[in-house]
1. Only one of the values (1) 48, 38, 15; (2) 51, 19, 17; (3) 36, 22, 17 was calculated from this structure for semi-axes √(5λ) of the Cα gyration tensor in Å; name its label.
2. Counting only DSSP beta bridges with both residues in the chain, tell me the antiparallel percent, nearest 5.
3. Exposure proxy check: 309, 98 ranked by fewest other beta carbons within 10 Å?
4. Towards the positive end of the charge dipole of region 6-49, with charges on Cβ (+1 Lys, Arg; -1 Asp, Glu), say which of 13, 23, 40 has the farthest Cα.
5. Using the Cβ atoms and a cut-off under 11 Å, what net charge is assigned to the surroundings of residue 12, where Lys and Arg are +1 and Asp and Glu are -1?
6. Under the rule of -39500 (n - 2.57) per DSSP H run of 4 or more residues, summed and divided by the residues of the chain, what mean residue ellipticity at 222 nm is obtained, to the nearest 500 deg cm²/dmol?
7. Between residue 16 and residue 149, what is the label-point separation in nm under the 7 Å Cα-to-beta-carbon projection?
8. Which far-off residues, 5 or more places away or on another chain, put their amide H under 5 Å from the one on residue 66, with H placed in the peptide plane?
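Read-outs throughout are calculated quantities, based only on the coordinates presented, and are distinct from any laboratory measurement. Being a predicted model, the structure only gives us computed values, none of them experimental. Virtual Cβ from ideal backbone geometry, glycine too; neighbours counted across all protein chains shown.
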Amino acid sequence: MSTPTVYDVAERAEVSIATVSRVYRNPDSVRKETRERVLAAARDLGYVPSGSARGLASRSTGVLGLCYPDFHDNEADNSPTADSGELTLYSDEVVRGMERAARRHGYALLISAAHADEAGRRLTEVAGRVDGLAVLAQPMRADDLDVVTRRIPVVMLAGERFDGLDHVEVANFDGVLELTRHLLLAHRLQRLAFVGGPPDSPDGEGRFRGFQAAHLEAGLPLPEAPDARGDLTQAAGRKAVAELLDADRGTAQRPQGLVFANDQMAVGGLHALVERGISVPRDMAVTGFDGIPLSRLVRPTLTTVRQPMGQLGVAAVELLAARLANRERPLEYRQLPVSVTLRESCGCPPPPAL
């Protein structure tokens, strides 16, 4: 006669294998009647749980996952002057923070980058190999998420908020509100243009609302929509600058400053302005958002809103670990603070040398 397994007990007791596992690992989490039925089935079958059986029952892998969008920037990769610091993007900083936090909690980290049209498929693939999953700033279909969240905890980092899921984001509105106030009040600029990200990006839209609010405060006309949009790459920043300057050619309405939705586009914009003989910041101010290492390496150094990218990863691990320990805990929403870093590209003096 073969040795009985957790599957045999689950079938005899008419429960799931996860319920059998909880009876042995955390009996108080199972109703008394169900617990007694499971224990009776185990006794009848002669089932004795082992460490490996418990791991199988709970499907524990000791791994957490991170899915994020693949905005591959060919322009940055092929630049003859690019170095490892220049190629460090927003997602890299989140990965570092999450990996370190996962290690402290006893987990390994599995990461997966996917383009938007592959996001749902990659999500389900990764979900089958991890105990919990973070999704970073990636548009997802609700039905794809629903399939995954039935099996494992999911936390959303930035991006869209979904009912029933923990969520972490940064103060997008507050950051761009403060930054735009600085341009309008400290530098007395009156004509600013906003270069946004994709229209389905809640983070980018939150940043644009901060841009609008600063104009309302200053008594200036309310911008109804971003002046240009891009896919958050340097190439998109270059393209946006070309579109804006060509549209304003021969008029007096050329922007005095460009507020980009992220640093990568701002860097591309800086390059495009230099190629057209436009001096930054003398002729036009430029700002970004994120605070990636590249923002302090370009010339002029980039004024930006610095967000705690590594802390996004840390918060993801903390929320996943808490959810794995207690699936019934209340949902949690965290908004992490940001800070404006003033540098040369807006007309501020360079920071003191270290």
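1. (2)
2. On the way: 3 of 38 bridges.
Roughly 10 percent of the DSSP beta bridges within the chain come out antiparallel.
3. 309, 98
4. 23
5. Details: positive: 37, 43; negative: 8, 11, 14, 44.
With Lys, Arg at +1 and Asp, Glu at -1, the neighbours total -2.
6. Mean residue ellipticity at 222 nm (helix-derived): -12500 deg cm²/dmol.
7. 1.5
8. Under 5 Å from the amide H of residue 66 lie the amide H atoms of 110, 111, 112, 134, each far enough along the sequence or on another chain.
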